[in-house]
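Undergrad: Below is the structure I would like to discuss, written out as structure tokens.
The values are calculated or read from the model by the stated rules, or taken from the named source; none is laboratory data. Predicted model, so just to flag it, every value in this text is computed and none were measured. All Cβ positions, even for glycine, are placed from backbone atoms using ideal geometry, and neighbour counts span all protein chains on display.
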Amino acid sequence: MLKTKKSLGLGAVLVTAGLLITACSSSTDETVTSTSPEPSSSAMESNSPAAGGADLVVWVDSERADALAQPAADYEAKTGVHVEIVGRDNGTLKDDFIQQANSGSGPDITMGAHDWLGELTANGVVAPLELGDKAGDYLPVALDASTYEGTVYELPYAVENLAVLRNADLVPEAAGDYDDMIAKGEAAGAEYPFVVEQGAEGNPYHLYPFQTSFDAPVFGRDDAGSYDSTQLKLGDGDKFAEWLGEQGQEGNMSTEITGDIAKEKFTSGDAAFWLTGPWNLTAATEAGINVAVDAIPAPGPSAAAPFAGVKGFFVNEYSENKVAANDFLVNYIGTEDVQLALYESGKILPALKAAADTAAADPLVRGFLAAGTDAVPMPAIPAMGQVWQYWGIAEAAILDGADPDSTWTKLTSDVEAAIAG
């Protein structure tokens, strides 16, 4: 069961006399987005009083910086706390944060992905987040992903998962199951009934929904709901491995299909179905394809459950401003207006239920929301690194004709040995 750590109520802490908020300084060589917009007429109410012009420094992916300028201005108008939004290179954001969190040059808050949690908590650089009764306002998978060992550490703002893009001009109706999808694609006369990114080293992220359909998750969970590295379930995938070998033999999947090739085949109208994520929607629609977004059709006895990736914000454990940082995240970033602004900057489904429902007025977004009903968070535990090391290579070998049973057995034993150290 998900829970947050109990502490003093936010309001009680904030009204303590003499509260001083001293911001961590930001690196001078990074692009800083000014919080110059005037406070909006609909600025949200905060639980905190004015704090005398003190600062919060927030590191964000540069592509999201503009979307946070107005919320930062609104927060300053209500609390007196100046929020400095610093645009950073997303490729180095995590490592920079870990290295600088306790140096005095790090931020009070950083944007990041939920699967950083294992590394962030191991390094002791993130603080628990107090959501209170607002925890129920988020999509369940978003809250699940933001929780590590029973404690919430992330304020989620976006959820992304795979779905099936369908060329509705070639195939007017969604497939009932995997076999039906292949049959519909073949009946449409497409060169490729279905494409999914693989490549020479495989791509297990894209195949995971099919694997879960055969009741073979990577890890089991402990009593707190956290992934447990001692409960490796990968070995339950023998039926999936046999099915995967059949797909390779029948030509429905191939290591010759890279991400670029899958995109080219679908956007040129040569593929009827494409298993991919929301990041490829624009390419498909701009190519003039009449796109529909469907849930992933299951090849096995259970629903196809893709991984969910959740993006959000973490509070620096070494920040002297943790109370204000928590308030800014929960009461400003965690509002429908801000989550929709972030959605507009990246077109990724909002994590807040109300914002997700609003965004889902777009049928393509609604399709990804529906496809994510059975999604599960990508494991953030350190042992997941040992899985990735062997997983894709084994699946690629099976697609290329290797014996499914022995290959999957070796995969499982290799992962077990790697986790054991």
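Undergrad: Does any residue of the stretch 186-203 turn out to be within 20 Å of Asn290 (Cα to Cα), without any contact (Cβ under 8 Å) to a residue 24 or more places away in the chain and surrounded by 14 or more Cβ atoms within 10 Å (Cβ to Cβ)? Walk me through it before giving the result.
TA: Applying the first criterion (within 20 Å of Asn290 (Cα to Cα)) to the stretch 186-203 yields 186-196.
Checking the rest, the ones that are also without any contact (Cβ under 8 Å) to a residue 24 or more places away in the chain come to 186-187, 189.
After this cut, where a residue has to be surrounded by 14 or more Cβ atoms within 10 Å (Cβ to Cβ) as well, the list is 186.
Yes, some residue in the stretch 186-203 is within 20 Å of Asn290 (Cα to Cα), without any contact (Cβ under 8 Å) to a residue 24 or more places away in the chain and surrounded by 14 or more Cβ atoms within 10 Å (Cβ to Cβ).
Undergrad: Let me ask another. Considering only the stretch 98-112, state which residues are out of contact with any helix residue (DSSP H, G or I) (no Cβ under 8 Å at 6 or more places or on another chain) and either without any contact (Cβ under 8 Å) to a residue 40 or more places away in the chain or among the polar types (S, T, N, Q) (or both).
TA: Gln99, Gln100, Asn102, Ser103, Ser105
Undergrad: Is it the case that some residue within the stretch 280-296 is touching a Ser or Thr at 6+ places or on another chain (Cβ under 7 Å), more than 30 Å from Gly189 (Cα to Cα) and outside any helix (DSSP H, G or I)? Step through it out loud before you land on a result.
TA: So the first thing to find is which residues in the stretch 280-296 are touching a Ser or Thr at 6+ places or on another chain (Cβ under 7 Å), and the list is 283-284, 287, 289, 291.
Add one more test, that the residue is more than 30 Å from Gly189 (Cα to Cα), and what stays is none.
The answer is no, given that none of the residues of the stretch 280-296 is touching a Ser or Thr at 6+ places or on another chain (Cβ under 7 Å), more than 30 Å from Gly189 (Cα to Cα) and outside any helix (DSSP H, G or I).
Undergrad: Going by the conditions given, is Ala174 in contact (Cβ under 8 Å) with a residue 40 or more places away in the chain and not charged (D, E, K, R)?
TA: Considered against the rule, which asks whether it is in contact (Cβ under 8 Å) with a residue 40 or more places away in the chain and not charged (D, E, K, R), Ala174 comes out as yes.
Undergrad: For Tyr153, are the conditions met, namely being buried (at least 24 other Cβ atoms within 10 Å of the Cβ), among the hydroxyl-bearing types (Ser, Thr, Tyr) and in contact (Cβ under 8 Å) with a residue 60 or more places away in the chain? So that I can check it myself, show each step before the final result.
TA: Details: buried (at least 24 other Cβ atoms within 10 Å of the Cβ): yes; among the hydroxyl-bearing types (Ser, Thr, Tyr): yes; in contact (Cβ under 8 Å) with a residue 60 or more places away in the chain: yes.
Taking the combined requirement at face value, the residue satisfies it.
Undergrad: Is it true that Asn280 is at pLDDT 95 or above, of a type in the set (S, T, N, Q), in contact with a helix residue (DSSP H, G or I) (Cβ under 7 Å, 6 or more places away or on another chain) and surrounded by fewer than 19 Cβ atoms within 10 Å (Cβ to Cβ)? Please lay out each step first, then the result.
TA: Details: at pLDDT 95 or above: yes; of a type in the set (S, T, N, Q): yes; in contact with a helix residue (DSSP H, G or I) (Cβ under 7 Å, 6 or more places away or on another chain): yes; surrounded by fewer than 19 Cβ atoms within 10 Å (Cβ to Cβ): yes.
It is true that Asn280 is at pLDDT 95 or above, of a type in the set (S, T, N, Q), in contact with a helix residue (DSSP H, G or I) (Cβ under 7 Å, 6 or more places away or on another chain) and surrounded by fewer than 19 Cβ atoms within 10 Å (Cβ to Cβ).
Undergrad: Next question. Does Val415 qualify as being of a type in the set (Val, Ile, Thr), within 19 Å of the chain's Cα centre (by Cα) and outside the structural domain of Asn123 (by TED's automatic domain parsing)? Let's see the steps before the verdict.
TA: Values: of a type in the set (Val, Ile, Thr): yes; within 19 Å of the chain's Cα centre (by Cα): no; outside the structural domain of Asn123 (by TED's automatic domain parsing): yes.
Against the criterion (of a type in the set (Val, Ile, Thr), within 19 Å of the chain's Cα centre (by Cα) and outside the structural domain of Asn123 (by TED's automatic domain parsing)), Val415 does not qualify.
Undergrad: Taking the options Lys78, Lys94, Lys134, name whichever one is closer than 23 Å to Val159 by Cα and free of Cβ contacts under 8 Å to residues at least 40 places away in the same chain. Quick ask: steps written out before the conclusion?
TA: On the way: Lys78 fails: closer than 23 Å to Val159 by Cα; Lys134 fails: free of Cβ contacts under 8 Å to residues at least 40 places away in the same chain.
That would be Lys94, the only listed residue that is closer than 23 Å to Val159 by Cα and free of Cβ contacts under 8 Å to residues at least 40 places away in the same chain.
Undergrad: Out of the stretch 251-269, which residues are exposed (fewer than 15 other Cβ atoms within 10 Å of the Cβ) and either on the phi > 0 side of the Ramachandran plot or in contact with a helix residue (DSSP H, G or I) (Cβ under 8 Å, 6 or more places away or on another chain) (or both)?
TA: Gly251
Undergrad: Next up: Looking at the stretch 54-141, what strands (runs of 3 or more DSSP E) fall wholly within it and have at least 2 residues that are of a type in the set (Asp, Glu)?
TA: On the way: elements: 55-61, 82-88, 109-113.
The strands (runs of 3 or more DSSP E) meeting that bar are 55-61.
Undergrad: Which one is surrounded by the most Cβ atoms within 10 Å (Cβ to Cβ), of the residues in the stretch 66-113 that are among the acidic types (Asp, Glu) and farther than 16 Å from Asp55 by Cα? I'd like the intermediate steps shown before the answer.
TA: Here is the first cut: in the stretch 66-113, the ones among the acidic types (Asp, Glu) are 66, 74, 76, 84, 89, 95-96, 108.
If we keep only those that are farther than 16 Å from Asp55 by Cα as well, we get 66, 89, 95-96.
Working: Asp66: 15, Asp89: 11, Asp95: 10, Asp96: 19.
Among those that are among the acidic types (Asp, Glu) and farther than 16 Å from Asp55 by Cα, it is Asp96.
Undergrad: Show the residue pairs meeting these rules: Cβ distance below 8 Å; 6+ apart or different chains; first residue within the stretch 206-234 and at positive phi and in contact (Cβ under 8 Å) with a residue 40 or more places away in the chain; second residue part of a helix (DSSP H, G or I) and of a type outside the set (A, V, I, L, M).
TA: Listed by first residue and then by second, the contacts come to Asp215/Asp236; Gly225/Asp144.
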